[in-house]
Each structure stands twice: as structure tokens, then as C-alpha cells.
Amino acid sequence: MRRFIGSLVGIGLILYGSFTLLSHFLFGHPKDEQFVRQVAATYLEDHHRDQSLEITSATMMMWGSDLYLLTIDSDSSMDTHFELHITTDGDITFNNYANVTSGMNTFDRIHDAYRQLVGPALPERVHLSDDVLIPKNGPDSPEESLDLQSLRLDQDYDIQDIGAKHGSLFISVDVPVVTVNRAAFLLRDLKRNLDAAGVPFRTMSVTLRGEEDWFYTGSVSREAIDSPELEQIIQRQHDEVISQ
């Protein structure tokens, strides 16, 4: 009986040890998490002492990794949040705080709010690109792109006004037959849906995807969609893309 009980205890210890090792491999050792949190706390004290920041999570990047992802948030600024990647040796290998100061976080907030307006106004049969606003990236950026330097941290913005000035919608749809007339009809139909829902935009482009062919309208302004020459406009833009 004693041998039997001893065997059960031994098996239990082995299982416990194996489970503990597996848990540490999958989710990280608690001491490692505590250590990288301390590294992050020291970084925040040294570089962001005057800001109200807190470490909201610390997770291992992947199973068995020595790299942790830590999210940093502010309880007083909706646009102040960023990530740190910290190794169990205490090295900070990634820091995207620049997204706060560059205006990228503010852009993302505005972008998400605008996309929530656009998405429900479109029929399910069409696919709306994830990007509905374009950040300005140099002098070659489209006219409708939004300059990050013009944005202010935590400022409220009129999303309707942003959409009218900068909304850039990229839409694709599968169709049995690809023609310029079908593309023009779709542009006008989508604009009617958006107008009915009170959703502004500046430009729209549509890609028709057939079984063996495709048609890309190019970027079309809101005003040009109502033009009687729409078919000629998008045919010309499609041909320009083909010839490149």
C-alpha cells in the first residue's frame, strides 16, 4: 500500500512539474513577467514621468519566446497609448511611442470613427477596403490624404467634415460580367446609398472582379460620379492603369 501511495505521489509530482513547465513555456514564467514590467516601469519613470501612464498588459510574444509585449495606456488621454517589446534580459527592442507624437494614434481614432459610418451604409455584396482615409506621406500623396501634422492630440473632430474632405473609399465586388457600364452603374448606386445614409466622402474607386476579367475605375470624385461622362472618365482611368 505504501509503495502504491508513493507511486501515486510520484506520478502526481511528475504531472505537476510537467504542467508547470508547459505552462511556463506557453504563457511565460511569472518572474519574467514581473521583471519586464519593472523594466517598463523604469522606462516610464525616466522618459514619461509627467504623464499619467500605466502598464495595462504584459504578454509573451509567442510560445517559448523570451520577448514580451507590454501595452501602455493613459487614463487622461485617449490618443496616448503605445507598445513596448522587452526581452527577459531587460532590452527594449521596440517602442512605438512615436505614434503618439506623430499624430498616427489620432488619425487611427478618426479613421475608425469614419469607417463605422461608411460600413453600414453599403450593401453586403460589396467589399470595403480596411482603409477609408489615407495619411499624407510626402508630396506625391493623393489630394484627399489627411496630413498627420494637422492633427492635435485628443481633439474632437467633426467626422462628417473629415469624410467630406478626406474620405477615400476603395470598393471591390465580384460580378458575372465585367463592363464599363456595370462599373458606372455601381458607382452611382453606391453613391445613392451613401447619400441616403448621410455619409460624405471625397473619392471612390471600384474594382469589378469577373471570372476571367476585371475593371478598375480609378479614383473618382463625388462630383464626377454624377457626371454624364462618367463612363468615359472611368474607361480612361482604367486604360491608364492597364498601360502602366
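Using 1/(1 + (r/R0)^6) with R0 = 30 angstrom and r between the beta carbons of PHE94 and ALA164, what's the FRET efficiency to the nearest 0.05?
Given R0 = 30 Å and the Cβ-Cβ separation, E is 0.25.
Checking the cross-link filter: which aspartates and glutamates have an alpha carbon closer than 13 Å to that of LYS191, excluding same-chain neighbours under 8 positions apart?
Counting by Cα, and skipping residues close in sequence, LYS191 has these aspartates and glutamates nearby: GLU223, ASP226.
What number comes out for the charge environment of ASP89, summing +1 per Lys or Arg and -1 per Asp or Glu over other residues with Cβ under 13 Å away?
Every neighbour counted, the sum reads -3.
Under a Cβ-Cβ cut-off of 14 Å, what is the net charge of the residues other than LYS165 that fall near it, where Lys and Arg count +1 and Asp and Glu count -1?
Residues near LYS165 contribute -3 overall.
In nm, give the distance between the simple-model label positions of THR101 and GLN116, each being 7 Å from the Cα along the Cα-to-Cβ direction.
It works out to 3.0 nm between the two label points.
Could you compute the FRET efficiency for PHE185 and SER141, with r as their C-beta to C-beta distance and R0 at 25 Å, rounded to 0.05?
For R0 = 25 Å, the calculated efficiency reads 0.25.
Looking at segment 77-148, which trypsin sites (Lys or Arg not before Pro) are in a loop (DSSP not H, G, I, E or B) and have at most 12 other Cβ atoms within 10 Å?
ARG125
Can you list which of the GluC sites (Glu not before Pro) found in segment 159-244 are DSSP loop residues with at most 16 other C-beta atoms within 10 Å?
The qualifying sites are GLU211, GLU212, GLU229.
Taking LYS136 as the anchor, which lysines have their alpha carbon closer than 24 Å to its alpha carbon, excluding any fewer than eight residues away along the same chain?
LYS165
Compute the angle between helix 104-118 and the longest alpha-carbon principal axis of the chain, please, reported from 0 to 90 degrees and rounded to the nearest 10.
60
Within the set of other residues whose C-beta is less than 10 Å from the C-beta of GLU54, count the net charge using Lys and Arg as +1 and Asp and Glu as -1.
Neighbour charge sum, excluding GLU54 itself: -2.
As a test, work out the antiparallel percent of DSSP beta bridges whose residues both lie in the chain, rounded to the nearest 5.
The antiparallel proportion sits near 75 percent.
In nm, to one decimal, how far is the ASP131 label point from the LEU153 one, both placed 7 Å along Cα→Cβ?
Going from the ASP131 label point to the LEU153 one covers 2.6 nm.
FRET efficiency for ASP46 and GLU124, Cβ-Cβ distance as r, R0 = 41 Å, nearest 0.05?
0.20
Under 8 Å for C-alpha pairs, at least 6 residues apart: give me the relative contact order for the chain, rounded to a whole percent.
12
So how tilted is helix 230-243 from the main axis of the chain? Cα-based, degrees 0 to 90, rounded to 10.
60
Could you give the angle, 0 to 90 degrees to the nearest 10, between helix 2-27's Cα long axis and the longest principal axis of the Cα atoms of the chain?
40
Values quoted throughout were computed directly from the atomic coordinates according to the rules given, and no laboratory measurement underlies them. Please read all numbers here as calculations on a predicted model, not as lab measurements. Quick reminder, even Gly has a Cβ in these numbers, built from the backbone with ideal geometry, and neighbours come from all protein chains shown.
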